[in-house]
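The structure appears below as structure tokens.
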Amino acid sequence: MKIKIRRNAADIYRNENTDLSGVYIGDPVWEDRLQKISGKTLEVDTETLFKYEFNTKPIKGVSKEGIRIPEEYVEEVIDDIRKGKAYCELCNQTSDSDKVCTNCGKTDYLEVFFDDDDEYES
Ligand SMILES: [Zn+2]
């Protein structure tokens, strides 16, 4: 599973982190990272999956550890393995079923990655 980062990811970040009077309040480390990974395709760490975020594997030249990328910076998800799975808010793990958690057996804490009527835009 991979994600393609938007080409203007750093611009999105800068716009979102500039306050109404035009003062930049963003984190230079994040800005630099987004600049480096913009337009690139990154490998996703599928150990923990999220509905609106992605954990990446370590990125050479950017981060020795994986980083978490919010969906807004992602242009395309490639080989998405989240269909039919869910995130369990009780045990904080990925459940292989979207009906009952395959880790703790509970049914009431699952956040399904894809609703049936979800139109997934890529
Ligand atoms: Zn669970």
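The values are calculated or read from the model by the stated rules, or taken from the named source; none is laboratory data. The structure displayed is predicted, hence computed values, not measured ones. Every residue, glycine as well, gets a Cβ built from its backbone with ideal geometry; the counts of neighbours run over all protein chains shown. Heads up: the accessible areas ignore ligands, DNA and RNA and are worked out on the full protein's heavy atoms, side chains in. Shrake-Rupley method; radii C 1.70, N 1.55, O 1.52, S 1.80 Å.
The table below gives the values:
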item	result
Probe 1.4 Å, protein heavy atoms only - accessible area per residue of the chain in square angstrom	64
Coil-residue trypsin sites (Lys or Arg not before Pro) of segment 43-118, DSSP, other Cβ within 10 Å capped at 14	K51, K60, K64, K83, K99, K106
³J(HN,Hα), Karplus 6.51/-1.76/1.60, whole Hz, each residue of segment 51-59, x for Gly, Pro	6, 10, 9, 9, 8, 8, 7, x, 10
Loop-located GluC sites (Glu not before Pro) in segment 73-117, at most 16 other Cβ atoms within 10 Å (DSSP)	E89
The chain pair-distance distribution - Cα-Cα, 10 Å bins, rounded %	13, 37, 30, 17, 2, 0
The chain, helix-only ellipticity at 222 nm - DSSP H runs n ≥ 4, -39,500 (n - 2.57), divided by all residues, nearest 500	-4000 deg cm²/dmol
Proximal charge balance of V62 [Cβ under 14 Å; K/R count +1, D/E count -1]	+3
